[in-house]
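Heads up: the structure comes next, in structure tokens.
The values are calculated or read from the model by the stated rules, or taken from the named source; none is laboratory data. Everything numeric in this text was worked out from a predicted model, so none of it was measured. Don't worry about glycine lacking a Cβ; one is built from the backbone with ideal geometry, like all the others, and counts go over all protein chains shown. Please note that ligands, DNA and RNA were not included when accessible areas were found on the heavy atoms of the full protein model with its side chains. Shrake-Rupley method; radii C 1.70, N 1.55, O 1.52, S 1.80 Å.
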Amino acid sequence: EVRIDEILWQEREELLKHEKEHTVTIALDDNMSHTESLIINGDEQLIRSAVTNIRENGCKYYPYRYVRVFLSHDEKHISIGFTYNGPGIAEDEIERIFESFYRSKSTAWVKGHGIGLSLAKKIIDIHHGEISVYSRPGEGTTITLSFPA
């Protein structure tokens, strides 16, 4: 059993020790008052790695270095949304961002290897979760992870 809120807060604290110009806000849905609504089954280190990779992309690829994280749940799923304000992702590239070593032409100026999101997707998949992306150029991006509750 893994407390997903603890991973989010610990990962945020670790980031801010090393990257003072980054900002990460975390919000919990009002109905997440019970500890049981914050627990998922899985490997803590792998889940932490997926969360870190997704959050790092938001801070790395968006000029404001700001990510909003929102944690919610329903009867069947616990969801984590990561929202970045920035240039967004072109529609024809959204599916490709999960390919290993894929780098968009529009982000060639940013240091990286194209491994983070493909690794995160594999981790989410082995935990029987889902990862989805909503993005429009000029409107920013939201990446949502959904895990079985």
### Task
Could you please let me know if I89 is touching a residue at least 24 places away in the same chain (Cβ under 8 Å), more than 26 Å from E1 (Cβ to Cβ) and among the hydrophobic types (A, V, I, L, M, F, W, C)?
yes
#### Entry: Subset tally (residues that are open to solvent by 70 Å² or more (accessible area, probe 1.4 Å) and either farther than 14 Å from F82 by Cα or in contact with a Leu (Cβ under 8 Å, 6 or more places away or on another chain) (or both)) for segment 4-18
6
